[in-house]
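Each remark here refers to the structure printed beneath this line.
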Amino acid sequence: MRFFRDYLAPRLVQYVLVIFCGITAVFFIPRLTGQDPVLEIIAQIQAQGASLDPLAVRNLMETLKELYGLKGSLFEQYLTMWRRVFTLDFGPSFFQFPTPVAQLLRIYLPWTIGLFATSTVLSWALGNIIGGIAGYFSGKSWSKILDAVIMVIRPIPHYIFGVVLLILFAYVWPLFPARGLSIGRGMALNLELVLAILRGSFLPALTLVILGGVVWFQQMKLLVQNVKREDFVEYARVGGVKERRVVFRYVLKNAMLPQVTQLALALGQVFSGVLIVEMVFSYPGMGLLLYRGVTRGDYNLVMGITVLSILTIATAVLLLDLLYPLLDPRIRHR
Amino acid sequence: MRKGILGIAVVLLVLLGGLALAQLPGGVPREETLIVDQLTGRVGTPSNFNLWAGWRWQDRGLQQLVCEPLWTVDYATGEIIPGLAAEMPIYSEDFTKMTIKLRQGVSWSDGVPFTADDVVYTIDLHVKTPGLLYHGPMAEFVDKVYKTDDYTVVVELKKPNSRFHSHFLDRWGCLRIMPKHVFEKVEDPVAFEFNPPVGCGPYVLKDYDPAGFWTLWERRGDWEKTPTGMLYGEPKPKYVLFQAFETEEAKILAQLRHELDMAQYAPEGLRVVLEKSNTARAWRKDWPWVVNIDPCITGIMFNNMVEPYNIKDVRWALVLAINMVEYMATAFDFMAPVSPIHLPPVPAYVEAFFNPLEEWLKNFELDLGNGEKFKPYDPEIPAKLAQAAKERGYPVPEDPKAIREIFGMGWWKYAPEVAEKLLKKHGFTKGADGKWYLPNGSPWKMTIVTDTNPAHHHYRNAMAAAEQWRKFGIDATVNATEAFNSLHLMGEFEVGTMWPAAEPWGVGVDLSRTFDVWHSSLLTPIGQAVTLGPGGAARWSDPRLDELLKKMETTNPFTEVEATRLLGLEALKVVVEEMPTIPTYGYCGAVAWDEYYWTNYPGAENPYSQPYQHWPNFKYMLPFLKRVKE
């Protein structure tokens with residue numbers, strides 16, 4: 001009961017509040033940008049000088065408002081939005097009308113999860129293991145050299161790093177396509193398809209693993225350098241515990257705790273994707289989808305993606321809070 | 001452990017080796033495929049080809065390879081090409097009836113013959129169905145539509161309209177004819193995805209990326225039964241792939257690797273491609289490379305409902321405060337032709353309007369007050385631009401004709417002292433600090449609203465104009481915003497850089513398309529969206545223009561050509577006098593063509609067709625292409 005009152009209840013209240021405020025903000029912010037999704041479509045149709053007469057355009061604007069669900073007062077639209085959130089039906093995308101937002105999410109999410117989740121977990125694992133070992137042996141020269149190399153890589157923006165990889169591996173040594181994935185609608189699970197996906201995903205994944213990995217590396221290295229100076233490590237070493245065991249069981253395990261939290265938060269970002277990397281490599285992910293939604297005033301699409309993002313991150317944080325007592329005996333004790 | 005690492009390395013190498021082989025989807029041979037860049041980017045509705053019901057990224061090949069309209073505009077040759085129609089439309093004397101003669105022997109891509117029934121069905125369905133894009137004009141004008149035989153359609157109109165055919169005239173969009181046998185089986189023609197699309201064009205859908213990055217088309221076996229085949233012969237590429245790129249860099253790399261044949265860039269991208277590739281060429285083989293016959297004029301738009309831009313003299317003062325040589329250096333590095341009138345310098349218009357108007361322009365006077373007059377036109381601008389470009393190190397030709405082709409016919413004088421007089425006439429004052437003050441005494445601050453894309457001519461015009469007007473003493477700033485379109489259409493701006501005039505047809509002498517948007521009946525208050533973006537957003541009208549538009553309505557552009565041209569000339573003069581928007585230079589497209597697999601593109605030396613892959617007439621270019629290696 002005390003656990004519920006002191007630990008669980010405040011976190012549940014916080015969870016509900018975060019979701020409510022986040023979703024309300026997402027409803028209002030796009031409407032403050034001055035962009036009108038109906039006019040964006042009209043401008044797109046007219047952009048190349050397509051012929052539509054004024055009457056046709058007037059009719060079209062009315063029809064689109066009706067179809068987009070933009071008729072009625074702001075409050076009515078706000079209530080409709082909550083109905084949509086509870087049913088997870090965000091209506092049609094305006095810019096990609098009549099495709100429903102849910103369908104777009106179904107198409108793009110697997111690609112983003114495939115690339116982003118894999119590369120995040122991979123960069124997290126590699127960065128933490130290598131960073132942990134380098135932190136423990138920070139006095140060794142190989143560790144210092146590695147640290148210097150990573151210091152150089154870390155500030156490189158994703159765009160520059162991606163383009164450099166593209167120039168190297170799609171132009172100088174043309175192992176990968178500059179055009180992105182070549183997967184048609186006749187998709188079947190066969191070797192050719194797997195190879196095509198690997199081929200199209202390799203460079204974006206490499207960019208993410210390296211640029212993500214160096215961040216984890218530096219964080220972990222610092223954490224380990226602190227933990228290894230703790231008394232219990234010293235006692236273990238003095239007590240004759242083997243060095244390998246000291247590194248993995250005493251130092252890395254303890255330094256990992258904050259990194260686990262970070263991993264959960266990083267995975268929550270999956271819905272916003274990695275826009276720049278997707279752009280450089282023409283990769284069909286959520287980042288591009290969200291970017292298009294924002295630039296075209298596509299409220300429904302922005303809403304769909306951000307609501308999922310808010311729900312996922314808030315739930316991940318809640319679950320972590322609930323799981324933490326299992327991972328960390330100090331919290332369990334309190 | 002070591003064996004394990006070695007094993008992984010071997011697997012990776014094998015994978016990469018295998019991966020390097022797969023180039024195009026579905027094992028399509030590269031040498032038989034033309035790969036082109038998709039202008040409007042990744043398709044947002046990849047499985048939906050129903051372009052009658054909304055925006056469907058029609059330049060993914062749908063309008064170029066599948067759809068065959070009744071007529072198509074070609075601004076490079078100055079022709080209207082009859083596709084499904086056999087000839088130009090025939091109007092009754094009072095413009096209440098339009099007869100369309102159709103081409104015989106055409107068949108849809110599924111083998112069904114094309115007949116008058118398809119045309120009647122399309123118009124009829126549009127009259128009845130509000131969700132279709134062209135429902136508005138069809139419901140407003142069409143009284144009855146019927147066939148008199150299998151290849152003749154008559155449309156009876158509710159009220160006279162001498163331009164009714166223009167709804168079927170493809171200029172990057174029009175009401176295209178639907179296959180009746182497909183749509184009549186469909187319950188809801190608006191929700192219908194039209195997948196795979198059936199058309200009278202020479203290609204059919206082969207495959208597409210479910211994420212919308214590419215669409216692949218295959219030449220029809222019976223291409224000779226399409227208007228393209230009948231008019232120009234066999235389209236040479238067996239496959240055409242439309243590919244969307246998210247960044248200019250990826251596009252450049254693809255073209256340098258011969259993975260992309262036709263692409264459109266920012267001028268900087270074009271330069272890189274031309275520099276790095278031995279096989280790439282631009283529209284013009286030499287400097288300034290770019291396509292400068294585009295039927296589109298760029299410039300500056302005033303909101304004529306906002307003070308002080310509602311005053312003609314203020315607008316003219318701002319024109320005279322521009323040093324066009326400096327402006328073009330900033331805006332486009334001297335590569336585009338300037339235009340003093342609200343028309344792009346396409347070949348047909350140079351002959352019909354630019355040349356005949358030059359004498360009038362030279363004699364045109366502004367009233368500075370107190371009986372003082374000023375002739376603002378400067379025919380020497382092209383020579384000055386040529387000199388400045390030469391000083392920048394560009395290989396500028398000496399031939400005056402070539403100079404005019406590259407730099408345009410002339411523009412307005414740089415006359416800040418005259419601009420000053422025009423402003424002072426209306427109570428503006430200039431402070432000791434060199435800054436201008438509005439008649440109410442507050443500093444003159446101006447925000448120029450523009451697009452966020454620095455490569456776009458909108459953005460380039462905004463930067464150049466702000467620089468010029470700051471030098472003149474106005475506190476001008478640029479607001480590049482994603483809400484650019486919405487702000488213009490709603491009138492929530494004072495100065496902007498949306499197209500200064502609606503695009504004309506680009507052929508013939510009918511300018512109604514440019515001026516229609518300025519008819520007083522379409523004038524829209526601020527806060528309510530204008531229905532025609534380019535030009536209309538200026539929120540300006542003039543009774544003289546209304547009068548001329550009324551006369552245009554009763555003039556047949558096909559049979560009364562000279563009368564139509566003269567009406568256009570008069571309308572141009574009214575707009576120049578009032579200067580509701582400032583035309584600066586003709587839009588230029590920076591296209592690069594790779595001649596590694598394909599050649600004989602329609603360059604400046606042989607402009608047999610308009611040059612863009614995104615225009616509907618792309619299909620008429622394909623029979624002229626040649627394979628480099630047979």
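Once each part is reduced to its C-alpha centroid, what is the distance from the stretch B:424-439 to the stretch B:583-630 in angstrom? Between the Cα centres of the stretch B:424-439 and the stretch B:583-630 lies a distance of 51 Å.
Note on B:TRP615, B:TRP469: ascending count of other Cβ atoms within 10 Å places them as B:TRP469, B:TRP615, the fewest first.
Peptide B:213-224 has a mean of 2 when you count, residue by residue, the C-beta atoms of other protein chains within 10 Å of its C-beta. For the protein assembly as shown, the ratio of Cα radius of gyration to the globular rule of thumb 2.2 N^0.38 Å stands at 1.05. Overall, the ratio between the Cα radius of gyration of chain A and 2.2 N^0.38 Å, rounded to two decimals, is 1.23. Global size of the stretch B:212-272: 15.1, 42 Å for Rg and Dmax (C-alpha atoms, Rg to one decimal, Dmax whole). Separation of the stretch B:198-235 and the stretch B:34-90, taken as the distance between their Cα centroids, equals 12 angstrom. Computed from Cα atoms alone, the Kirkwood hydrodynamic radius reported for the stretch B:365-477 is 16.7 Å.
Shielding of peptide B:481-491 by partners, expressed as the average count of other chain Cβ atoms within 10 Å per residue Cβ, is 6. Evaluating 6.51 cos²θ - 1.76 cosθ + 1.60 at θ = phi - 60° for every residue in the stretch B:33-48, the Karplus couplings come out as 10, 9, 10, 10, 7, 8, 4, 8, x, 4, 6, x, 10, x, 8, 10 Hz, glycine and proline recorded as x. As a proxy for reagent exposure, A:LEU323, B:LEU423, B:LEU357 were ordered by neighbouring Cβ count within 10 angstrom, fewest first; the result is A:LEU323, B:LEU357, B:LEU423.
By the compact-protein rule of thumb, 2.2 N^0.38 Å, the alpha-carbon radius of gyration of the stretch B:292-438 corresponds to a ratio of 1.13. With Cα atoms as the point set, chain B shows a radius of gyration and Dmax of 26.1, 97 Å.
Pairs of C-alpha atoms in the stretch A:263-309 farther apart than 13 Å represent 54 percent of all such pairs. So what's the angle, to the nearest 10 degrees on a 0 to 90 scale, between helix B:2-21 and the longest Cα principal axis of chain B? Long axis of B:2-21 versus the principal axis of chain B: about 80 degrees. Per residue, the convex hull spanned by the Cα atoms of the stretch B:488-612 measures out at 149 cubic angstrom. By DSSP, the beta bridges lying fully in the protein assembly as shown are antiparallel in about 75 percent of cases.
For the residues of B:243-254, the average number of beta carbons from a partner chain within 10 Å of their own beta carbon is 6. Here's how it looks for B:LYS97: its modeled amide H is under 5 Å from those of B:SER92, B:LEU157, which are all 5 or more places away or on a different chain. The relative contact order of chain B comes to 20 percent, based on Cα pairs under 8 Å that sit 6 or more residues apart.
Can you pick out the pairs among B:LYS158/B:LYS573; B:LYS362/B:LYS390; B:LYS312/B:LYS390; B:LYS384/B:LYS445; B:LYS147/B:LYS185; B:LYS144/B:LYS185 whose Cα atoms lie more than 29 Å from each other? Result: B:LYS158/B:LYS573; B:LYS312/B:LYS390; B:LYS384/B:LYS445 exceed 29 Å.
Out of every Cα pair in the stretch B:247-309, what percent are spaced more than 17 Å from each other? The share of Cα pairs beyond 17 Å in the stretch B:247-309 comes to 51 percent. Under 5 Å between amide hydrogens, built in the peptide plane, is the criterion, and for B:MET178 it picks out B:THR122 among residues at least 5 positions away or on other chains.
Among A:312-321, B:327-336, the peptide with the highest mean count of other Cβ atoms within 10 Å heads the list, and the full ranking is B:327-336, A:312-321. Each Cα pair under 8 Å and six or more residues apart adds its sequence gap; the mean of these over the residue count of chain A is a relative contact order of 28 percent. Ordering of A:286-297, B:377-388, B:280-291 by packing is A:286-297, B:280-291, B:377-388, highest average first (other Cβ atoms within 10 Å, averaged per residue). For the stretch B:470-553, the convex hull spanned by the alpha carbon atoms encloses 137 Å³ per residue. Listing B:PHE353, A:PHE90 from fewest to most neighbouring C-beta atoms within 10 Å gives B:PHE353, A:PHE90. Just for chain B, what percent of DSSP beta bridges are antiparallel, to the closest 5? Counting DSSP beta bridges with both partners in chain B, the antiparallel share is about 75 percent.
The helix-only estimate of mean residue ellipticity at 222 nm for the protein assembly as shown, built from DSSP H runs of length n ≥ 4 each weighted as -39500 (n - 2.57), is -13000 deg cm²/dmol after division by the residue total. Amide H to amide H distances under 5 Å link B:ILE300 with B:ILE582, B:THR584, where only residues 5 or more positions off or on other chains count and H is placed in the peptide plane. Taking the stretch A:143-182 and a reference point 7 angstrom along Cα→Cβ of A:LEU198, the backbone N atoms nearer than 17 Å belong to A:175-177, A:181-182. Take the Kirkwood radius over Cα pairs of the stretch B:130-171, plug it into Stokes-Einstein at 37 °C and 0.692 mPa s, and you get 287 µm²/s for translational diffusion. Here the Karplus curve 6.51 cos²θ - 1.76 cosθ + 1.60, taken at θ = phi - 60°, turns the phi angles of the stretch B:182-198 into couplings of 8, 6, 5, 8, 9, 6, 10, x, 7, 7, 4, 8, 6, 10, x, x, 10 Hz, with x standing for Gly and Pro. Projected onto planes of every orientation and averaged, the convex hull of the alpha-carbon atoms in the stretch B:426-467 covers 3.8 nm².
The alpha-carbon positions of the stretch B:530-583 define a convex hull whose volume is 97 Å³ per residue. For B:ASP475 and A:THR33, a Förster radius of 25 Å and the Cβ-Cβ distance give a FRET efficiency of 0.50, rounded to the nearest 0.05. 3J(HN,Hα) along the stretch B:62-67: 5, 7, 8, 10, 9, 7 Hz, from the Karplus curve 6.51 cos²θ - 1.76 cosθ + 1.60 with θ = phi - 60°, whole Hz, x for Gly and Pro. Short-range pairs are left out: with C-alpha atoms under 8 Å and at least six residues apart, the relative contact order of the stretch A:169-252 is 18 percent. Note on the stretch A:118-247: along the principal axes its Cα atoms extend 63, 32, 19 Å, ordered by decreasing extent. For the peptides A:258-268, B:81-91, the ranking by packing is B:81-91, A:258-268, with the highest mean count of neighbouring Cβ atoms within 10 Å listed first. If a spin label sat at a point 7 angstrom from the Cα of B:LYS158 along the line to its beta carbon, the backbone N atoms of the stretch B:496-525 nearer than 20 Å would be those of B:521-522.
For the stretch A:187-330, the percent of C-alpha pairs falling in each 10 Å distance bin, counted from 0 to the bin holding the largest distance, reads 10, 25, 28, 22, 12, 4, 0.
Each value in this text was obtained by applying a stated rule to the coordinates, not by laboratory testing. All of these numbers come straight from a predicted model, not from anything done at the bench. Every residue, glycine among them, receives a Cβ derived from its backbone with ideal geometry; neighbour counts consider all protein chains shown.
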